[in-house]
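In what follows, a structure is listed as structure tokens, so that the remarks can point back to it.
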């Protein structure tokens, strides 16, 4: 770790990607993440990397497809409407088992929406988004520092499982500046080899084919079974979450990303008044921390969960499924970039606590 | 160290963002955690600009400050918007060069600073934001004067190093202002 | 008996599943012959699109990347930017390239992306069963223009080569045919020039090859060849539209 720097979220993720061994960026302008491509356009030439502004998000994601097929670490950053356009490509990338990293700096929607922080793309990110039976691995940082730390993991997971990884951020994390420390540079030469890559035969092997296509039903099922075996490993090995004050908590908040930060302020406030509240913050949205939520739901001490989102209820479905309806799961959400204030959330929690008694 | 909070607001072009960044940067130079959250989008062009800064020696929970402990307002619309939001017992710093109205609240400390006049007298008309930075540093004690000067030096960089002495002069003018007067 | 010719090494020696009379087989072979003659096999990567040519994932004996409909030029851009010293090509039909992939094609061309496109133009969607293409000629009856293509309903067929020739990025643009022996020979020469443009780093290159689709045209293979000579070539003149200096 080096010294602390005050850096904008969107720029920090660019630097973090470079340090994680990524030298290729393809993207298309969209607010609120334009600082990321601008940073990469300046920075990548300094490390012999490639920056290319594509003609559309559709083209950008397919450039990622080609670059990953050729065996290189590659990233794009975009925001909700742009990510929608990338769903076709993401489906092909998942089907062809290619490692890419895609950053979604989520803004308000649907449609043109607005450019304020939102969490309305949870379903799109976690439940597939594009056509077909596949998963993205989804990481949700809640600070600029965590965006940096998870970037390395994002590339490693993408390579390990040959699967697209999405970093689900939001406009607030992209636009804010925060004191951060960067890890050192990954030695690209020492990254695991990719013998499957279509990087040309070079007189060393027979041909490689990067492909998501098999006209024979029995063939396609085999391909998809292989992918789902991989997802089983992902669910077993890669769950990440943070627990705050859950050891004695009777009332558990569930929140991710920016919202979880606000909840931490709420917890301090409620704890100071003697209320036993805690937070479980999924860091991986897929794989979801199902077991940890179930364990809390099965604990007789825990009275209920309160899921808070910048949507009108998406992650709550996974919270309910994970807790197997063993405890009530309440919900509070704001929309359109209206961030809930700590007092507002405290009041919701206090009211629910009163009703539960 | 308590958590220090600042919201600064004014017209675009008054150097509001720079004021906030310098404050946060000074905090970082002392090894603290800091967040700087700008208002952005359409608000960046022509309208009001504001930013929220948190400095702490512990990891910062929410960077959003609905009720900041310290608030700077550089124009009248910002006074109207932010006066009601300041935390009870907090500080409201008002640029009295541009705001002729007085604050109504009695449960907060108000500091009236003729920042434009002070900046002009100190030799740089446009640097009212640096005067206010001096006031913020003095009123909060969140960061040291030396760190603030270093933040200004680093932000100007070598390309604009010639503006450093005048900026420091303006900062000193702010620091010398009697905030209890 | 003496074998006078062999299957070029860049092609898999297996039966093709194209329809009888389809010209994809000829074009595959020409591409393979040129790759072999120019010794590009070991550094070649082909990007295959969606359409009949998706079937080619089984036919080229060198690294292949199958891509989404129309996106091959973007995918090839990603491959080439990752590995600038490799030989990278796309092989696309007219629905893929001129309709859904129009943006990707135009922008790869104007960037002067160092890739080569083999553009197989038979004026119809083959794989999906004979729908109207952006290149279908006026009056052509297809599944989705059952009363014939009209200007009022469908607008006019796109002349891709002429359109791309307006751009600065392409180094080589030619339109050829594979409906006669001289046409086939000229096509091979054009493919060679296009590949050379890439190897020499001169810019984007594309060979538009007028071809047939007997099945979806509802014609015998011989009548289909005749149609190209009598109709297609009149709207799509053969020739070189751009030849960069140094070719």
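In table form, for the structure just shown:
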{"read-out": "Viscosity 1.002 mPa s, temperature 20 °C, Stokes-Einstein D of the protein assembly as shown from Kirkwood C-alpha radius, µm²/s", "value": "73 µm²/s"}
{"read-out": "Principal semi-axes in Å for the stretch C:24-243 [√(5λ), Cα gyration tensor, largest first]", "value": "27, 18, 17"}
{"read-out": "Residue-averaged [θ]222 nm for the protein assembly as shown, counting only DSSP H segments that reach four residues, each worth -39500 (n - 2.57)", "value": "-11000 deg cm²/dmol"}
{"read-out": "Which of B:143, A:254 has the fewest Cβ neighbours within 10 Å, and the rest in rising order", "value": "B:143, A:254"}
{"read-out": "Percentage relative contact order, the stretch C:127-232, counting C-alpha pairs under 8 Å, at least six apart", "value": "22 percent"}
{"read-out": "Antiparallel DSSP beta bridges within chain A, as percent of all bridges there, nearest 5", "value": "25 percent"}
{"read-out": "Which of A:238, A:15 has the fewest Cβ neighbours within 10 Å, and the rest in rising order", "value": "A:238, A:15"}
{"read-out": "Residue mean of other protein chain beta carbons inside 10 Å, C:98-110", "value": "2"}
{"read-out": "Global form of the stretch B:140-181, assessed from the alpha-carbon gyration tensor, a/c cut-off 1.5", "value": "oblate"}
{"read-out": "Separation between Cα centres of the stretch A:3-31 and the stretch C:169-202, rounded to whole Å", "value": "42 Å"}
{"read-out": "Simple spin-label estimate for residue A:127 and residue A:317 in nanometres, 7 Å along Cα-Cβ", "value": "0.2 nm"}
{"read-out": "Where a label projected 7 Å from the Cα of residue A:202 along Cα→Cβ would reach, residues of the stretch A:55-71 with amide N under 12 Å", "value": "A:71"}
{"read-out": "The stretch A:70-164: C-alpha gyration tensor shape, a/c 1.5 cut-off, then a/b vs b/c", "value": "oblate"}
{"read-out": "Prolate/oblate/rounded label for chain B (Cα gyration tensor, a/c 1.5)", "value": "rounded"}
{"read-out": "Antiparallel content of DSSP bridges confined to the protein assembly as shown, in %, to 5", "value": "30 percent"}
{"read-out": "Beta bridge orientation in the stretch A:215-357: antiparallel %, DSSP, nearest 5", "value": "25 percent"}
{"read-out": "Interatomic Cα distance distribution for the stretch A:242-356, bins of 10 angstrom, percent", "value": "14, 53, 31, 2"}
{"read-out": "Relative counts (whole %) of C-alpha pair distances in the stretch A:219-294, using bins that are 5 Å wide", "value": "3, 15, 22, 16, 13, 9, 7, 6, 4, 3, 1, 1, 0"}
{"read-out": "Fewest-first ranking of A:228, C:140, A:196, using other Cβ atoms within 10 Å as the exposure measure", "value": "A:228, A:196, C:140"}
{"read-out": "Whole-percent pair-distance distribution, where bins are 5 Å wide, for the alpha carbons of the stretch A:59-117", "value": "4, 20, 28, 20, 13, 9, 5, 0"}
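A short reminder: the numbers here are calculations on the coordinates, not readings from a lab. Just so you know, these numbers come straight off a predicted model, no measurement behind them. No Cβ is skipped: glycine too gets one built from the backbone with ideal geometry, and neighbour counts run over all protein chains shown.
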